[in-house]
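> Just passing along the structure, written as structure tokens.
The values are calculated or read from the model by the stated rules, or taken from the named source; none is laboratory data. A quick note: this is a predicted structure, and the numbers were derived from the prediction, not measured. Every residue, glycine among them, receives a Cβ derived from its backbone with ideal geometry; neighbour counts consider all protein chains shown. What goes into the accessible areas is simple: the full protein's heavy atoms, side chains included, and nothing from ligands, DNA or RNA. Shrake-Rupley method; radii C 1.70, N 1.55, O 1.52, S 1.80 Å.
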Number of protein chains: 2
Amino acid sequence: MKHISGGVCAAEGFTAFGMHAGIKPTSMPDRNDLALIYSDVPCHSAGVFTTNRVKADPVMLDIEQLKDGQAQAIIANSFIANACAPEGQETAKRETVALANALPVRQEDVIVSSTGVIGMRLNVEAIEKAIPTLVAGLSKDGSDAAARAIMTTDTVKKEISVEFPVGGKTAHIGGITKGSGMIHPHMGTMLCYLTTDAAVSTEMLKKALKETVRKTFNRISIDGDMSTNDSCVILANGKAGNEEITAEGEDYDSLLTAMLEICTYLARLMASDGEGASHLITCRVHNADSEDKAEVISKSVINSSLTKAAIFGADANWGRVLCAAGYSGADFDPSKTDITFSSKSGDLPVCKNGRGLDFDEDFASKVLAEEEIIINIDLNEEGNEEAICWGCDLTYDYVKINGDYRT
Amino acid sequence: MKHISGGVCAAEGFTAFGMHAGIKPTSMPDRNDLALIYSDVPCHSAGVFTTNRVKADPVMLDIEQLKDGQAQAIIANSFIANACAPEGQETAKRETVALANALPVRQEDVIVSSTGVIGMRLNVEAIEKAIPTLVAGLSKDGSDAAARAIMTTDTVKKEISVEFPVGGKTAHIGGITKGSGMIHPHMGTMLCYLTTDAAVSTEMLKKALKETVRKTFNRISIDGDMSTNDSCVILANGKAGNEEITAEGEDYDSLLTAMLEICTYLARLMASDGEGASHLITCRVHNADSEDKAEVISKSVINSSLTKAAIFGADANWGRVLCAAGYSGADFDPSKTDITFSSKSGDLPVCKNGRGLDFDEDFASKVLAEEEIIINIDLNEEGNEEAICWGCDLTYDYVKINGDYRT
């Protein structure tokens, strides 16, 4: 698949911008704190949101806004989550009104997102004041500024775009996302915005988004904490000129493949840029009777504090991996299970049929010194299903970042 | 209830000892690595074990050994878990044989426990060699040495004993336990040994142990990782001379109250001595429609990495508390929920009806500087059920300890 530049503006008809509206202190990794993504025509749209019982007000608003399957603009701020905050509902609503006054967009077609500290009032007056500047800044080059505006503790910007063939035409899809704490696989997802010019019905867009999120963002964990604000929204404006995708088939598969490609990239990037992370952990569970089982085990491993701390310490402590598989709730036979740690430096088999293997500690240190560590778990079951989840190690910096995030 | 000295030797007929058998390096908090608890007559016995699908070999053996409800001796080592290890089954068996040769005890009445690193072979020859010395050392003063012999990363010994009235007689009960990592509430429990001279049927002993563990050890979490070796075993030798407890009633209640008293003490001590911990976190969820719901929410909060890191940083970040309640899976109404942080320094209401309250940051810092932090969550439901769970903060030292535990 061909990677192209442009991020969320790579698709025809989309522009974006990001700026400092005065919500975020300038000490954050990027001072931009307000992002806008806009399509010059209304889009078919779908969203996946947090399953946390405590939902931020913008999330509750967006769920309503997307009921008609149509949206045209996304406004998002960082630093304040507008969750459990005074006047939260009113604040989110005021953002849609302000944007509808400044752009040719219906108030009902504005998606509102926030990320950051829970419980504090969002300075909506600052946002209202910034909106004219934000709208004036919209351009085809604006994805970078928008991607930076949704960062909180992220250390790198998360943006990608690709082109793909669909119905004899060339379509484009791009996405931006933010991490990097309060990230856990049982979530809807975190903040992620995808744009495409492919023509696709709302129904098929929903289906493709659900499938994509299941296999990408729902398979990462930074810290086991599911956010109140997780949102993943896709806008599709149909400008690629392909015949609208209204059913499964070659065109749908092509779109889904493109969505999986960019969301896998973004999910991996989120995991590797998890708060304080020094290693990306990829856990692949294979030769399983079902994909669900493989996923449950893989998630349990990437979420184990002890496994995460061992990877930080470059310690081939595979017992913690098997232990985490064991308490995952999945039905498997430990005495048939093999474990291998892998990285660019090679493969280190550490466990065969549920029992420890002798291995060279020096070679182990070399394998575990690499940035990406792959934990392979072979269940040796009859089936050949597999699942891959991504996480990161648990470091001093995670504790440091979260010991004084709010103050 | 009257606290007395003696630990697991406080009850009539019990002796104990602990020593260095050569399994643990001398750099561990205590060099003792092998413990023995012995009753001079066979006991009614019950055990609760890990629900992890990966179970250590001694755990699998003990489940068999306890099927007849009788036991007389407990041998336990620290540093090597004998889980997923070469010759694990044979090793555990050899310990029972060696002990039956050295003491007047049937091989079938020996309980074997191990705690420590998973996957490495336990040096059973060293244990066999040490057993004569271990047996010779048995005394009424031996609880201290035994309690120290099961410590791994624990920084304090965990031991308690009380006396209680039962059927017109005075009975005694004592316990020792170890933490302090791989501790999570969905477990059976960790290593805990209780001894009593109360006369009680195996059936009622099982019932009382299950109820006690549910309300104490199953309500703590250090790191969300459920061990392969969790075991809680009680021996009751009947030497107090009371009429055997064979049904619910006043005597059963008296025993259960004593068991809850000592296990609550031990559970709190385990939580406050969690790996790297600098604060004991007590989360009380009250005014709930059911105890189960209160427990699910409380466990989710004490297990939240972000909440734990906030307490480490003395940050009154209640949004993380409500967020963790929200993803617990429990059905509650966030907009009716109140949260207050409490400690010896006072009460700090931070959230009312699911929305943030203004509070004084200086006073907040003072409240959160205390060693025990209580998180009160009032669900304001019709019911008045409650549950209390205990955990600890997430610190640099947790990462340090677990980054290089094995090597």
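> Hey, rough spin-label estimate for A:Lys129 and B:Thr133, points 7 angstrom out along Cα→Cβ, what's it come to in nanometres?
Roughly 7.6 nm, to one decimal.
> Where the convex hull is taken over the Cα atoms of chain A, what is its projected area averaged over directions, in nm²?
The directionally averaged projection comes out at 19.0 nm².
> Under the definition of Cα pairs under 8 Å and six or more residues apart, what whole-number percent is the relative contact order of chain B?
Result for chain B is 17 percent.
> Next up: Shortest first and in nm with one decimal, please list how far the A:Lys210 label point sits from its counterparts in the other copies (point 7 Å along Cα→Cβ).
Those separations, rounded to one decimal, come out as 4.0 nm.
> At a Förster radius of 25 Å, what calculated FRET efficiency corresponds to the Cβ-Cβ distance of A:Arg214 and A:Glu243, to the nearest 0.05?
Efficiency, from the Cβ-Cβ distance: 0.40.
> Can you list the equivalent-ellipsoid semi-axes of the protein assembly as shown, largest first and in whole Å, using the square root of 5 times each Cα gyration tensor eigenvalue?
Equivalent ellipsoid semi-axes, largest first: 53, 29, 21 Å.
> Hey, another quick one. Which of the cysteines in chain A are isolated, no other cysteine C-beta under 4.7 Å?
A:Cys9, A:Cys43, A:Cys84, A:Cys263, A:Cys283, A:Cys323, A:Cys351, A:Cys389, A:Cys392
> Okay, moving on. Please calculate the 1.4 Å probe accessible area of B:Glu211, with all protein chains present, and give it to the nearest 10 Å².
Its accessible surface works out to 60 Å², give or take rounding.
> Indicate, rounded to the nearest 5 percent, the antiparallel portion of the DSSP beta bridges found entirely in chain B.
Counting only bridges with both partners in chain B, antiparallel ones make up about 70 percent.
> Distance from the Cα centre of the stretch A:348-407 to that of the stretch A:111-179, in angstrom?
32 Å
> While we're here: Count the net charge of all other residues whose Cβ sits under 13 Å from the Cβ of B:Gly241, scoring Lys and Arg as +1 and Asp and Glu as -1.
-3
> Using the Kirkwood radius built from alpha carbon pairs, what does the Stokes-Einstein equation give as D for the stretch A:199-275 at 20 °C and 1.002 mPa s, in µm² per second?
For these conditions, the coefficient is 157 µm²/s.
> Taking the label point 7 Å from Cα in the Cβ direction, how far apart in nm is A:Pro86 from each other copy of itself, listed shortest first?
6.7
> If you don't mind, there's one more thing I want to ask. Could you state how much accessible area A:Glu87 has, in square angstrom rounded to the nearest 10, with a 1.4 Å probe and all protein chains kept in place?
90 Å²
> Considering Cα pairs under 8 angstrom that are at least six residues apart, work out the relative contact order of the stretch B:268-368 and quote it in whole percent.
Value for the stretch B:268-368: 20 percent.
> What are the label-to-label distances in nm, one decimal and shortest first, from B:His3 to the same spot in the other copies, with labels 7 Å along Cα to Cβ?
Spelled out, the distances from B:His3's label point are 6.2 nm.
> Charges only on Cβ, +1 for Lys and Arg, -1 for Asp and Glu: so what's the dipole of the protein assembly as shown about the Cα centre, in debye to the nearest 20?
In total the dipole reaches around 940 debye.
> Under a crude label model (7 Å from the Cα following the beta-carbon direction), how far is A:Gln89 from B:Val156 in nanometres?
4.8 nm
> Let me ask something additional. Give the distance, in whole Å, between the Cα centre of the stretch A:217-290 and the Cα centre of the stretch B:13-60.
47 Å
> Now a separate question. Heavy-atom accessible area of B:Lys210 with all protein chains present, probe 1.4 Å, nearest 10 Å²?
B:Lys210 has an accessible surface of roughly 150 Å² with all protein chains in place.
> Sticking with this structure for a sec: Roughly what angle does helix B:124-136 make with the longest principal axis of chain B, taking Cα atoms, 0 to 90 degrees, to the nearest 10?
80 degrees
> With everything on Cα atoms, drop me the angle between helix B:202-215 and the longest principal axis of chain B, reported from 0 to 90° to the nearest 10.
That helix lies at roughly 30 degrees to the long axis.
> To the nearest 0.05, what FRET efficiency results for A:Thr51 and B:Ile63 with a Förster distance of 35 Å applied to their C-beta separation?
Plugging the Cβ-Cβ distance into 1/(1 + (r/R0)^6) gives 0.45.
> Jot down the per residue volume, in cubic angstrom and as a whole number, of the convex hull over the alpha-carbon atoms of the stretch A:270-407.
In the stretch A:270-407, the Cα hull volume divided by residue count equals 100 Å³.
> First measure r as the distance between the Cβ atoms of B:Met1 and A:Asp347, then evaluate 1/(1 + (r/R0)^6) with R0 = 45 Å and state the FRET efficiency to the nearest 0.05.
For B:Met1 and A:Asp347, the calculated efficiency is 0.20.
> Hey, could you pull the Cα Rg and Dmax for the stretch A:234-301, both in Å?
Answer for the stretch A:234-301, Rg first and Dmax second: 16.7, 46 Å.
> Using θ = phi - 60° and the Karplus form 6.51 cos²θ - 1.76 cosθ + 1.60, what ³J(HN,Hα) does each residue of the stretch A:166-179 get, whole Hz, x for Gly and Pro?
Listing the rounded values in order: 8, x, x, 10, 9, 10, 10, 9, x, x, 10, 8, 9, x Hz.
> Chains A and B: how much accessible area gets covered up at their contact, both sides added, probe 1.4 Å, in Å² to the nearest hundred?
The buried area between A and B, both sides summed, comes to about 4500 Å².
> Given the rotation relating B and A, tell me which residue in B puts its Cβ closest to the axis and the distance in Å.
In chain B, the Cβ lying nearest the symmetry axis toward A is B:Tyr396, 3.
> Any chance you could give the angle, 0 to 90 degrees and rounded to 10, that helix B:291-302 forms with the longest Cα principal axis of chain B?
80 degrees
> In whole percent, what relative contact order does the stretch B:1-114 give with Cα contacts below 8 Å and a gap of six or more residues?
Across the stretch B:1-114, relative contact order equals 25 percent.
> A follow-up question, please. Please report the antiparallel percentage of the DSSP beta bridges confined to the stretch A:1-115, to the nearest 5.
The antiparallel fraction comes to roughly 70 percent.
> Summarise the accessible area of the protein assembly as shown (1.4 Å probe, protein heavy atoms) by the percent that is carbon and sulfur.
Looking at the protein assembly as shown in its full context, I get 47 percent from C and S.
> If each residue of separation counts as 0.36 nm, what is the full-extension length gain between B:Asp362 and B:Ser27 once their alpha-carbon separation is subtracted?
116.5 nm
> So how do A:Leu357, B:Leu61 rank on accessible area, 1.4 Å probe, biggest first, that is with the largest at the start?
The ordering from most to least exposed comes out as A:Leu357, B:Leu61.
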